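Student: If you scroll down you'll find the structure; I have some questions about it.
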Amino acid sequence: VVGSLWILFSDSLLHAVVDNPETEIKLQTINGWAFILVTATLVFFMTRNLVNSIRHMANQNRRLFEESPIGLSLSRLDGTVIYGNPAVLAVTERTLEELQSLSHRELTPKKWAEIDRIQNTLLLEKGSCGPYEKEILHRDGHPVPVRVRARILERHGESLIWASIEDITEMKKVEAE
């Protein structure tokens, strides 16, 4: 709208003010270049603001992910861990590299295999599962009670599992008392 008004107004003004057709054509050319310059400048600043906003949101999301008190992990469909936030690393007392070298099956005590199989079937069929309770293995081998929720998400054409893993040890202690 602004561009159309610029063209109509500036051409009408030039036609009304300038008597010489050659001068009018030169001024219209200058006017056209000015329009392009102003438009390009506006597009540049709008694009820069958009990129800065996207960077800011990405930094906020990364910070939320890193500071979440709930364990969050990203895995492949085969159970291979791609990434885990500090809260999920704290639950298992493992480094990210250690976690990445293990699959969900290796982190789960065998007594939970059937529940995991059922939940994985739900995950693949419906795109999400949980919340459900199970245990995962701490670095020293003892089981840690957790509540898990998961969903499938697409990232760069690959289906991945986004899961929350909440340590419910204290809740289980209170229940037992």
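Student: Kindly indicate which of 102, 74, 96, 89 is within 19 Å of residue 162 (Cα to Cα), touching a residue at least 24 places away in the same chain (Cβ under 8 Å) and either surrounded by 13 or more Cβ atoms within 10 Å (Cβ to Cβ) or touching a Cys at 6+ places or on another chain (Cβ under 8 Å) (or both).
Tutor: 74
Student: Given the conditions (1) closer than 30 Å to residue 168 by Cβ; (2) small (Gly, Ala, Ser); (3) modelled with pLDDT under 95, and given that residue 40 satisfies all but one, which numbered condition is not satisfied?
Tutor: (1)
Student: Sticking with this structure for a sec: May I ask you to list the residues in region 1-40 that are among the polar types (S, T, N, Q) and either in contact with a strand residue (DSSP E or B) (Cβ under 7 Å, 6 or more places away or on another chain) or surrounded by 14 or more Cβ atoms within 10 Å (Cβ to Cβ) (or both)?
Tutor: Correct list: 10, 28, 31.
Student: For the list (1) touching a His at 6+ places or on another chain (Cβ under 9 Å); (2) in a helix (DSSP H, G or I); (3) farther than 15 Å from residue 81 by Cβ, I need the number of the one condition that residue 116 fails.
Tutor: Every listed condition holds for residue 116 apart from (3).
Student: Taking residue 165 as the residue in question, decide whether it is under 22 Å from the mean Cα position of the chain (by Cα), assigned to a strand (DSSP E or B) and not small (Gly, Ala, Ser).
Tutor: Details: under 22 Å from the mean Cα position of the chain (by Cα): yes; assigned to a strand (DSSP E or B): yes; not small (Gly, Ala, Ser): yes.
Yes, satisfied.
Student: What number goes with the only condition from (1) more than 30 Å from residue 148 (Cα to Cα); (2) at pLDDT below 95; (3) open to solvent by less than 70 Å² (accessible area, probe 1.4 Å) that residue 51 does not pass?
Tutor: Unmet for residue 51, out of (1) more than 30 Å from residue 148 (Cα to Cα); (2) at pLDDT below 95; (3) open to solvent by less than 70 Å² (accessible area, probe 1.4 Å): (2).
Student: Now for a different question. Take residue 66 and tell me if it is exposed (fewer than 10 other Cβ atoms within 10 Å of the Cβ) and assigned to a helix (DSSP H, G or I).
Tutor: no
Student: Say whether the condition of being within 30 Å of residue 141 (Cα to Cα) and of a type in the set (A, V, I, L, M) is met by at least one residue in region 54-71.
Tutor: yes
Student: Residues 85, 31, 52: which one is farther than 22 Å from residue 152 by Cα and touching an Asp or Glu at 6+ places or on another chain (Cβ under 8 Å)? Break it down into steps so the answer makes sense when it comes.
Tutor: Working: 85 fails: farther than 22 Å from residue 152 by Cα; 52 fails: touching an Asp or Glu at 6+ places or on another chain (Cβ under 8 Å).
Testing whether each residue is farther than 22 Å from residue 152 by Cα and touching an Asp or Glu at 6+ places or on another chain (Cβ under 8 Å) leaves just 31.
Student: Another one. Using the structure shown, decide if residue 135 is in contact with a Leu (Cβ under 9 Å, 6 or more places away or on another chain), in contact (Cβ under 8 Å) with a residue 12 or more places away in the chain and surrounded by 13 or more Cβ atoms within 10 Å (Cβ to Cβ).
Tutor: no
Student: Residue under question is residue 119, and the condition is that it be open to solvent by 70 Å² or more (accessible area, probe 1.4 Å), closer than 30 Å to residue 130 by Cβ and under 30 Å from the mean Cα position of the chain (by Cα); does it hold?
Tutor: Numbers: open to solvent by 70 Å² or more (accessible area, probe 1.4 Å): no; closer than 30 Å to residue 130 by Cβ: yes; under 30 Å from the mean Cα position of the chain (by Cα): yes.
So residue 119 fails the test.
Student: If only one of 132, 83 is assigned to a strand (DSSP E or B) and in contact with a helix residue (DSSP H, G or I) (Cβ under 6 Å, 6 or more places away or on another chain), which one is it? Spell out how you get there, then give the answer.
Tutor: Values: 83 fails: in contact with a helix residue (DSSP H, G or I) (Cβ under 6 Å, 6 or more places away or on another chain).
Testing whether each residue is assigned to a strand (DSSP E or B) and in contact with a helix residue (DSSP H, G or I) (Cβ under 6 Å, 6 or more places away or on another chain) leaves just 132.
The values are calculated or read from the model by the stated rules, or taken from the named source; none is laboratory data. Everything quoted here is computed from the prediction, not taken from an experiment. For neighbour counting, all protein chains shown are included, and Cβ atoms are generated from backbone atoms with ideal geometry for every residue, glycine included. Each accessible area value is taken on the protein alone, full model and side chains, heavy atoms only, with ligands, DNA and RNA left out. Shrake-Rupley method; radii C 1.70, N 1.55, O 1.52, S 1.80 Å.
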